[in-house]
Amino acid sequence: MAVDGTAISADSSHAYVPPQATDSRSPCPALNILANHGYLPRDGRALTKDMLYQAVKQVFNVDARPFSLNKIFYARDDPAHPEGLLLPGKDTIDLEDLNLPNKVEHEVSLTRHDRHLADSNKPDPALVAALKAATSSSTTTHLTATDITRHRVTRYAHSKQHNAQNMVYTTKELVLSLGQDAFILYVFGRDGMIPLEYIDDFFLLERIPNGWTKREQEFNFNSMVPLVASGLARFKWATLW
Ligand code: HEM
């Protein structure tokens, strides 16, 4: 495991190994990467809140507790909410449980289809290519926040056209989406730009991108807010008319 500011390269215990057919995987590329590199159990099963927290923190330097983790494991942490969010009363999840609809999973994803149109758990290479093609003419080697919004708006228009009957995309799902955009902009971006060469590794092969280094400063709720706020303004502006 590399220390902050140095390249994270797969060592013998954290080599990249694509999943077996019986392994559990999620609609989240980051969590799948953690399993593919052995920072989570490689079968992606019986994960506790603490295992998820530790792995996300160790590899990406993100404190995931204020985001989805405290909600997913509601039942264990908060007796006032025994209904839980994801799996009521359970202390562990398998990665595929994160694909339960309209909890943390949502429509209008960057690289996954709406569940009524196709597989919502696995990336579609055509959508990954479309995300890369959203790069603006001035930065054809990188993706910016504006580029990612451009792709999100295209995905939204597609869902409205082909999935209007089933589509659920309220402010909650939009904010979740923008939070995921913020994760990659912070973790993989520098000066607001993500190298295009990271995109296939992250979204398609689900492995730690070659040459990527972990940020020294932790990403937490305070770092999330301005990124989500500006994403919200861009998305609302683009879809206003
Ligand atoms: C324990 C922490 C996390 C949980 C529970 C979680 C859960 C999820 C879930 C359920 C989705 C599916 C949303 C959808 O339907 O599109 C998702 C998507 C996503 N996650 Fe995570 N995630 C976590 C951490 C992270 C981190 C640390 C990163 C970045 C390093 C990340 C990046 C993403 C991205 C970019 C997507 C969007 C995929 C797409 O739209 O194609 N996540 N996450």
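The values are calculated or read from the model by the stated rules, or taken from the named source; none is laboratory data. Note that the coordinates shown come from a computational prediction; the quantities given were computed from them, not determined experimentally. Reconstructed Cβ throughout: ideal geometry from the backbone, glycine too, with neighbour counts over all protein chains shown. Only protein heavy atoms, including side chains, enter the accessible area calculation; ligands, DNA and RNA are left aside. Shrake-Rupley method; radii C 1.70, N 1.55, O 1.52, S 1.80 Å.
On the given criteria, is residue 236 under 21 Å from residue 58 (Cβ atoms) and among the basic types (Lys, Arg)? Don't jump to the end; show me each part of the working.
Working: under 21 Å from residue 58 (Cβ atoms): no; among the basic types (Lys, Arg): yes.
It is false that residue 236 is under 21 Å from residue 58 (Cβ atoms) and among the basic types (Lys, Arg).
Go through region 205-226 and report how many residues are part of a helix (DSSP H, G or I) and open to solvent by less than 60 Å² (accessible area, probe 1.4 Å). Show your work before the answer.
Filtering region 205-226 for residues part of a helix (DSSP H, G or I) gives 205, 221-226.
Subset that is open to solvent by less than 60 Å² (accessible area, probe 1.4 Å): 223-224.
So the answer is 2.
What about residue 31, is it at pLDDT 95 or above, buried (at least 22 other Cβ atoms within 10 Å of the Cβ) and not assigned by TED's automatic domain parsing to the domain that holds residue 183?
yes
Working only within region 34-51, note down all residues that are modelled with pLDDT of 95 or more and either outside any loop (DSSP other than H, G, I, E, B) or assigned by TED's automatic domain parsing to the domain that holds residue 212 (or both).
Passing the criteria: 34, 35, 36.
Scan region 187-195 and give yes if some residue there is part of a helix (DSSP H, G or I) and either more than 19 Å from residue 56 (Cα to Cα) or within 13 Å of the ligand (Cβ to nearest atom) (or both), otherwise no. Give the steps one after another, and end with the answer.
As a first pass, look at region 187-195 and keep what is part of a helix (DSSP H, G or I): 187-188.
Filter once more, so that each one left must be either more than 19 Å from residue 56 (Cα to Cα) or within 13 Å of the ligand (Cβ to nearest atom) (or both): 187-188.
Yes: one or more hits.
Can you spot a residue in region 191-204 that is small (Gly, Ala, Ser), touching a Ser or Thr at 6+ places or on another chain (Cβ under 9 Å), surrounded by fewer than 20 Cβ atoms within 10 Å (Cβ to Cβ) and touching a residue at least 24 places away in the same chain (Cβ under 8 Å)?
yes
For residue 98, only one of the following conditions fails: (1) in a loop (DSSP other than H, G, I, E, B); (2) modelled with pLDDT under 95; (3) near the ligand (Cβ under 9 Å from one of its atoms). What is its number?
Unmet condition: (1).
Does residue 97 qualify as being open to solvent by less than 60 Å² (accessible area, probe 1.4 Å) and assigned by TED's automatic domain parsing to the domain that holds residue 61?
yes
Kindly evaluate residue 160 against the criterion of being open to solvent by 50 Å² or more (accessible area, probe 1.4 Å), under 25 Å from residue 240 (Cα atoms), in contact with a helix residue (DSSP H, G or I) (Cβ under 6 Å, 6 or more places away or on another chain) and more than 9 Å from the ligand (Cβ to nearest atom).
Criteria not met by residue 160.
Among the residues of region 118-150 satisfying the criterion of being open to solvent by 60 Å² or more (accessible area, probe 1.4 Å), within 13 Å of the ligand (Cβ to nearest atom) and more than 14 Å from the chain's Cα centre (by Cα), which is nearest to residue 170 (Cα to Cα)? Walk me through how you get there before you give the answer.
Filtering region 118-150 down to residues open to solvent by 60 Å² or more (accessible area, probe 1.4 Å) leaves 119, 122, 125-126, 133, 137-138, 140-141, 146, 150.
Narrowing the set further to residues that are within 13 Å of the ligand (Cβ to nearest atom) leaves 119, 122, 125-126.
Narrowing further to those that are more than 14 Å from the chain's Cα centre (by Cα): 119, 125-126.
Details: 119: 21, 125: 26, 126: 26 Å.
My answer is 119.
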